[in-house]
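What follows is calculated from the coordinates using simple rules that are stated; it is not laboratory data. None of the values given here were measured: they were computed from a predicted structure. Methodologically, a virtual Cβ is constructed for each residue, glycine included, from the backbone with ideal geometry; neighbour enumeration extends over all protein chains shown.
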Amino acid sequence: MLSGQEVNDAVEKYADMIKRICFYHLKDPADTEDVFQNVFLKYMLRNEPFTDSEHEKAWLIRVTLNACRDHLRSLFRHRMVPLEQVAELAADVPEDHREVLEAVLSLPGRYKDAIYLHYYEGYTAAEIGTILGKKENTVYSLLSRGRGMLKERLGGDGSSE
């Protein structure tokens with residue numbers, strides 16, 4: 001089990017990222033807080049040391065994605081939140097980016113995960129593959145198809161890539 005100081009340091013370092021991932025998947029502030037707490041509880045109870053900070057970050061992302069999926073599958077989760085409400089609640093999103101945010105949020109989960117990790121967290125396809133447990137070429141396909149869906153939804157002409 002990790003010490004209180006190690007957990008506090010991790011919360012300070014990764015809280016914003018974990019909350020963003022949770023919110024993008026769950027679209028509900030209360031559910032986001034629940035999953036956020038569960039992720040850091042799992043972190044606190046972890047016995048194995050991390051090899052470096054990137055390993056720690058990737059582990060937290062993976063646990064967060066799994067916890068969000070588990071939460072969405074749970075019997076207690078049967079309500080939906082309109083995308084308009086999500087766009088209103090999303091912090092620090094400039095008005096001109098709301099349409100893109102809504103389009104990203106409307107993507108199927110596997111595309112949304114790949115797009116988010118690549119464009120918002122700056123991971124490469126190889127790193128995303130490791131995090132999601134997929135082959136690198138599969139990640140390239142997910143990114144390509146996700147971009148295609150976004151262009152279709154946003155009416156892009158494909159000239160600026």
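Values computed for the structure shown
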| item | result |
| --- | --- |
| Cα gyration tensor of the range 12-67 - equivalent ellipsoid semi-axes, whole Å, descending | 20, 11, 9 |
| Förster radius 45 Å - calculated FRET efficiency between L101 and Q5, Cβ distance, rounded to 0.05 | 0.80 |
| Segment A30-T51, length gained on full extension (0.36 nm per residue, minus Cα span) | 4.3 nm |
| Order by protection proxy (mean Cβ within 10 Å, highest first), peptides 13-26, 41-54, 119-132 | 13-26, 119-132, 41-54 |
